[in-house]
Amino acid sequence: MKVCRVERRLPYAALLCTLHAAGATEDEYPPRHEAASRCELSREHDGPHIAHLYSRGTDPELWAQWEGEDDEIRFVHHLPCVEPSPHADPIHRWACTLPADHDGGHSWEAEGYDIGPDEGPLYVP
């Protein structure tokens, strides 16, 4: 599966307020120049783009969601998808890192997928 990877700059003040409300500490905030995210869904997905921002334990995860280049970015909470990769060793199998109701393939179906479930948010310069 090829990943969409459409990139959007995030409104920095709104991002910090949202991260703070989600329980993030200041050392978890991204630098201003890195406040951007890329869509993590499959390239052929329907509906809005979505990018992971923050996780805290078993709480719903924080995601950035947007439709098009000029649309408002919404910060939304989703429960994680728990579908495990059927191709990995059953003991070291990773669950999909996308939201439970995601469109398209699972994260472990992406080309070059090599991140674990404990990786931090995707912030790109």
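Figures for the structure shown
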| quantity | calculated |
| --- | --- |
| Residue in region 18-34 that is in contact with a helix residue (DSSP H, G or I) (Cβ under 7 Å, 6 or more places away or on another chain), crowded, with 18+ Cβ neighbours inside 10 Å and in contact (Cβ under 8 Å) with a residue 60 or more places away in the chain present | no |
| Residue in region 35-48 that is more than 14 Å from the chain's Cα centre (by Cα), modelled with pLDDT of 85 or more, of a type in the set (Gly, Ala, Ser) and assigned to a loop (DSSP other than H, G, I, E, B) present | yes |
| Residue pairs meeting the criteria (Cβ under 9 Å; at least 6 apart or on separate chains; first among the basic types (Lys, Arg), in region 36-63; second not in a loop (DSSP other than H, G, I, E, B)) | Arg38/Val3; Arg38/Glu7; Arg38/Arg8; Arg38/His49; Arg38/Ala51; Arg43/Val3; Arg56/Leu62 |
| Enumeration of residues in region 35-51 that are surrounded by 21 or more Cβ atoms within 10 Å (Cβ to Cβ) and out of contact with any Leu (no Cβ under 8 Å at 6 or more places or on another chain) | Cys39 |
| Residue match in region 60-68 (condition: surrounded by fewer than 19 Cβ atoms within 10 Å (Cβ to Cβ), at pLDDT below 85 and of a type in the set (Asp, Glu)) | no |
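Table: residues versus (1) under 15 Å from Ala100 (Cα atoms); (2) touching a Phe, Trp or Tyr at 6+ places or on another chain (Cβ under 7 Å).
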position	(1), (2)
Gly23	no, no
Glu40	yes, no
Glu44	no, no
Ile50	yes, yes
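A quick yes/no check of all residues on (1) at pLDDT 80 or above; (2) in a loop (DSSP other than H, G, I, E, B); (3) exposed (fewer than 12 other Cβ atoms within 10 Å of the Cβ); (4) not aromatic (Phe, Trp, Tyr):
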site: Leu53; (1), (2), (3), (4): yes, no, no, yes
site: His77; (1), (2), (3), (4): yes, no, no, yes
site: Asp89; (1), (2), (3), (4): no, yes, yes, yes
site: His92; (1), (2), (3), (4): no, yes, yes, yes
site: Gly105; (1), (2), (3), (4): yes, yes, no, yes
site: Trp108; (1), (2), (3), (4): yes, no, no, no
site: Glu111; (1), (2), (3), (4): no, yes, yes, yes
site: Ile115; (1), (2), (3), (4): no, yes, no, yes
site: Pro125; (1), (2), (3), (4): no, yes, yes, yes
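The values are calculated or read from the model by the stated rules, or taken from the named source; none is laboratory data. Keep in mind that what you see is a predicted model, and the values were worked out from it rather than measured. Because the Cβ atoms are built from the backbone with ideal geometry, glycine has one as well, and the counts that use them run over all protein chains shown.
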